[in-house]
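Before any comments, here is the structure.
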Amino acid sequence: MAIQGECPKCGKRVLHVNIENLVGVVDGTSKARCLSFSCIHCNTVLGVQMDQRAKPRPRARPEPPAT
């Protein structure tokens with residue numbers, strides 16, 4: 001069975017997508033690594049999801065107090 005989806009903006013068949021790495025942000029704080037899928041013809045974002053294979057983001061270390 002072949003996938004025969006169409007881009008909602010340009011109407012062309014979506015056989016390939018551009019994939020980009022993103023950082024998901026909640027209330028101004030980085031929470032998770034994500035993937036964005038966009039149309040190769042018109043660059044419309046078709047979807048975003050969490051990247052299950054990405055390594056966890058390291059926690060920010062507090063600045064040591066100045067002496």
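Summary table
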| item | result |
| --- | --- |
| Kirkwood-based Rg to Rh ratio, the chain, C-alpha trace | 1.22 |
| Pairwise label distance in nanometres, Lys9 with Ile40, each label 7 Å out on the Cα-Cβ vector | 1.7 |
| Within a Gaussian network of the chain (alpha carbon springs, distance under 10 Å), most fluctuating of Leu15, Leu35, Leu46 | Leu15 |
| Contour excess over end-to-end distance, with Cα ends at Ala60 and Thr29 and 0.36 nm allotted per residue | 10.1 nm |
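Bear in mind that the values in this text are calculations on the coordinates, not laboratory data. Just so you know, these numbers come straight off a predicted model, no measurement behind them. Neighbour counts are summed over all protein chains in view; Cβ atoms, including those assigned to glycine, are modelled from backbone coordinates with ideal geometry.
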